[in-house]
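Have a look at the structure below before the remarks.
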């Protein structure tokens, strides 16, 4: 680690302005052959804006946010687009429509200010579809001026500097972006590169597809053909680091990551570099030091917080690990990995009773972790897949509120016949909210339905311990009768009658059998 890089890590980072999010334009009047246009606009316009100094969200990050928000693949409403923008920190959205008639293409886009809720007048361009990248450049120029950007070159010089691959390659790339299955996407994008090998946006998109397929070597080779100095270079190097981390090439990942953060230290870049240092065994700089810097830049990022806790535990600082892992669990009570490492750290810190209690949570969240002992070779760290962080606001929920959500999920699983899934969700809910009588009642009924009547008895008793309920006590009495424990069943029925002398069901249970 050079002194210059250490200085970068210690220096503060200026807050960047909110980026623009380009939403694929709606289809207006168009021919079937022009269906690829919308996806190409969403892919190419952010790059054209970035060349003018206007921060814009890459299309890959838009798709990642959509997946994280579990938004189905259907045309986006304005409200849904705003949700995606919020997750990506975008305060302005570009949206609109396009139409095609023969070889003529028309694009009409507007700028939506998310904070003010104001919509600009439309920016409209028209021309031959062969000139689509030039048309997008003209739109980018107008959008930049509307965003108060001051281009450092003339409009003519800017348009002349835009990439100009042959149209068949552009169309093949757009068709690849619009294809439904990964195999078709790869085939079409490769055909675009065959037509124009220097089509760097297409090569970056192909590298991403290979990363998603976990074909690390193919991705490394593809991304390595993107030269330094072009607009796509940084994204390509970041993805190469990601692939190296996943495939165990720690020292190479550390070397490329060091160059990236020396150029511009981002939270995701710092986090991935720290993981390379942690796994590569570099003694020059502790991984936790780099992760602390990343967390300073993005204090609400739970994956970086977890990585810091894991790094501290790996470095022997159990108390520091406990502090950060508890912070993760406060925000994400269902995070089984955080609970696992927390239990290990508590044990290493000599806090045996706390470790034992936390281990119960581990088994409730992830029964497959049964028997795991502290193991620093396990790949628990969280590799950042993009430099742009997602902030998916699920709202701050207490453990009881999370448990309530699990109950609802369990009821839906039970209704579909998935008794095992329902039981799993109820077990997690019981750990988070152990005194909620409804959880224990549902667990009792689930165990009873599954044939484990002894566990059902215990859960009925837990329900009654939390809150007296004559109807539940009668369920318990009936179950005890089924188990041949008549004396216990009668005792439960008598307790019901003490509180409700007129209870017919209890009297019927106590009545002697007919001869």
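Rundown of residues vs (1) modelled with pLDDT under 80; (2) over 30 Å from residue 260 (Cβ atoms); (3) surrounded by fewer than 19 Cβ atoms within 10 Å (Cβ to Cβ); (4) out of contact with any strand residue (DSSP E or B) (no Cβ under 8 Å at 6 or more places or on another chain), yes/no style:
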residue: 393; (1), (2), (3), (4): yes, no, yes, yes
residue: 401; (1), (2), (3), (4): yes, yes, yes, yes
residue: 408; (1), (2), (3), (4): no, yes, yes, yes
residue: 411; (1), (2), (3), (4): no, yes, yes, yes
residue: 423; (1), (2), (3), (4): no, yes, no, yes
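Which of the residues spanning segment 239-271 are more than 18 Å from residue 297 (Cα to Cα), buried (at least 20 other Cβ atoms within 10 Å of the Cβ) and touching a residue at least 60 places away in the same chain (Cβ under 8 Å)?
Residues satisfying the conditions are 242, 245.
Report whether or not residue 304 is over 22 Å from residue 335 (Cβ atoms) and modelled with pLDDT of 95 or more.
Values: over 22 Å from residue 335 (Cβ atoms): no; modelled with pLDDT of 95 or more: yes.
Answer is no for this residue.
Of 494, 475, 459, 454, which residue is more than 28 Å from residue 420 (Cα to Cα) and assigned by TED's automatic domain parsing to the domain that holds residue 430?
Testing whether each residue is more than 28 Å from residue 420 (Cα to Cα) and assigned by TED's automatic domain parsing to the domain that holds residue 430 leaves just 494.
Of the residues in segment 182-205, how many are under 19 Å from residue 237 (Cα atoms) and outside any helix (DSSP H, G or I)?
Looking only at that region, the number is 3.
Any idea which of (1) under 24 Å from residue 51 (Cβ atoms); (2) surrounded by 13 or more Cβ atoms within 10 Å (Cβ to Cβ); (3) over 30 Å from the mean Cα position of the chain (by Cα) is the one residue 191 doesn't satisfy?
Result: residue 191 passes all but (1).
Based on this model, can you work out whether residue 356 counts as surrounded by fewer than 21 Cβ atoms within 10 Å (Cβ to Cβ), out of contact with any strand residue (DSSP E or B) (no Cβ under 9 Å at 6 or more places or on another chain) and at pLDDT below 90?
No: the conditions fail for residue 356.
Quick one: is residue 296 surrounded by fewer than 20 Cβ atoms within 10 Å (Cβ to Cβ) and touching a residue at least 40 places away in the same chain (Cβ under 8 Å)?
Details: surrounded by fewer than 20 Cβ atoms within 10 Å (Cβ to Cβ): yes; touching a residue at least 40 places away in the same chain (Cβ under 8 Å): no.
No; evaluated as a whole, the condition is false for this residue.
Every residue, every condition in (1) in contact with a strand residue (DSSP E or B) (Cβ under 7 Å, 6 or more places away or on another chain); (2) loosely packed, with under 14 Cβ neighbours inside 10 Å, yes or no:
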| residue | (1), (2) |
| --- | --- |
| 114 | yes, no |
| 129 | yes, no |
| 136 | no, no |
| 154 | no, yes |
| 170 | no, no |
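With the condition being at pLDDT 80 or above and farther than 30 Å from residue 289 by Cβ, I'd like the helices (runs of 4 or more DSSP H) fully within segment 1-86 carrying at least 1 qualifying residues.
The qualifying helices (runs of 4 or more DSSP H) are 37-51, 59-68.
So which residues in segment 460-472 are in contact (Cβ under 8 Å) with a residue 12 or more places away in the chain, under 18 Å from residue 436 (Cβ atoms) and part of a helix (DSSP H, G or I), if there are any at all?
Correct list: 460, 461, 462, 463, 464, 466, 472.
List, please: which pairs have Cβ atoms under 6 Å, are six or more places apart or on different chains, and start with a residue in segment 71-99 that is at positive phi and end with one that is at pLDDT below 85?
Final answer for the pair search is 89/18.
The values are calculated or read from the model by the stated rules, or taken from the named source; none is laboratory data. Here the structure is a predicted model, which means the values were calculated and not measured. All Cβ positions, even for glycine, are placed from backbone atoms using ideal geometry, and neighbour counts span all protein chains on display.
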